[in-house]
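Presented below is the structure to which this report refers.
The values are calculated or read from the model by the stated rules, or taken from the named source; none is laboratory data. As the structure is a computational prediction, the values presented were derived from the model and not from experiment. We place every Cβ from the backbone using ideal geometry, glycine too, and count neighbours over all the protein chains shown. Accessible surface areas use protein heavy atoms only, side chains included; no ligands, DNA or RNA. Shrake-Rupley method; radii C 1.70, N 1.55, O 1.52, S 1.80 Å.
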Amino acid sequence: MSFQPPIIPATEVPAALRERGYAVLGRDGLCELAGLVSSALDALPPSWNDLPLDGFLRDGGRYRSRRHACFIVDGASVTQVPHRAHWQPVEYNALHGGLERWFEPVQPDVVSRPVWAGLIRGIAATCSQLKGERPWFVEAHQFRIDTTDGIGRPTPEGAHRDGVDFVAVLLVGRENIKGGETRVFEADGPNGLRFTLTEPWSALLLDDARVIHESTPIQPLEGTGHRDTLVLTFRSGGFQGPG
């Protein structure tokens, strides 16, 4: 059994993030929020077929492939910075925290597409609506979770925060799988909800200080399958790093 996502219009996103700490958008709402033509998104999914295996999984799994890139958004400007390691403190990621993880970069022909910068710019503008205009330090992660070994874990660290200001989880697509339920919980309270994103380019936006989140494991319906996501994190003041 899966629960339908509580999709809201793009115009209600700032209020939802203020009141509840999360907001869920469908494809049309995401495009409205980012000022994009829906068809422009269709150019991005093929790049998920060329993601290198994640070699840092401490549970020994082979179910995750990914690429990574970093950007600074300052007003309308989206600037890619030199490739850097992804790092999180153990307080936010008990499984992989404290480890400098160098992933292969997002391919240049993906980053150069206007729709890529448009997504980052549009979500950053919403962040500024809530926190005030400022530069945003953005990490972009292309993920594929597959079922080659029978089961894939989108969040092997469990329910967590990312140590940033805002997180956007964009479902790029899912194929021949069951599971992958999204769960969002108050960080300091009893309330939570669960739902399954199924529409390509539906999105979950999170206030990382107020909620924790996870996605349940996936299994194939038959043969093998996968779940593709684009995760964008927005942090003020600088990128996370060991220094």
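Looking only at the range 172-211, count every residue that is out of contact with any Gly (no Cβ under 9 Å at 6 or more places or on another chain) and either over 27 Å from S38 (Cα atoms) or open to solvent by less than 60 Å² (accessible area, probe 1.4 Å) (or both) and tell me the total.
Of the residues in that region, 13 qualify.
Those residues that are in a loop (DSSP other than H, G, I, E, B) and within 21 Å of D42 (Cα to Cα), I need them from the range 150-178; list them, please.
Scanning the range 150-178 gives a single hit, N176.
Can you tell me which of (1) open to solvent by less than 70 Å² (accessible area, probe 1.4 Å); (2) without any contact (Cβ under 8 Å) to a residue 60 or more places away in the chain is the one F71 doesn't meet?
Every condition holds for F71 apart from (2).
Among the residues in the range 231-239, are any touching a helix residue (DSSP H, G or I) at 6+ places or on another chain (Cβ under 9 Å) and surrounded by fewer than 16 Cβ atoms within 10 Å (Cβ to Cβ)?
The answer is yes, given that some residue of the range 231-239 is touching a helix residue (DSSP H, G or I) at 6+ places or on another chain (Cβ under 9 Å) and surrounded by fewer than 16 Cβ atoms within 10 Å (Cβ to Cβ).
If you go through the range 123-144 one residue at a time, do you hit one that is touching a helix residue (DSSP H, G or I) at 6+ places or on another chain (Cβ under 6 Å), touching a residue at least 60 places away in the same chain (Cβ under 8 Å), within 25 Å of Y63 (Cα to Cα) and among the basic types (K, R)?
Checked against the condition, which is being touching a helix residue (DSSP H, G or I) at 6+ places or on another chain (Cβ under 6 Å), touching a residue at least 60 places away in the same chain (Cβ under 8 Å), within 25 Å of Y63 (Cα to Cα) and among the basic types (K, R), the range 123-144 yields at least one hit.
Return the pair list, or none, for Cβ contacts closer than 6 Å from residues in the range 1-25 that are farther than 18 Å from R194 by Cα to residues that are part of a strand (DSSP E or B), at least 6 apart or on different chains.
V13/A23
List every residue pair whose Cβ atoms sit under 8 Å apart, with the two residues 6 or more apart in sequence or on different chains, where the first one lies in the range 220-243 and is more than 28 Å from L41 (Cα to Cα) and the second, anywhere, is among the β-branched types (V, I, T).
Q240/V164
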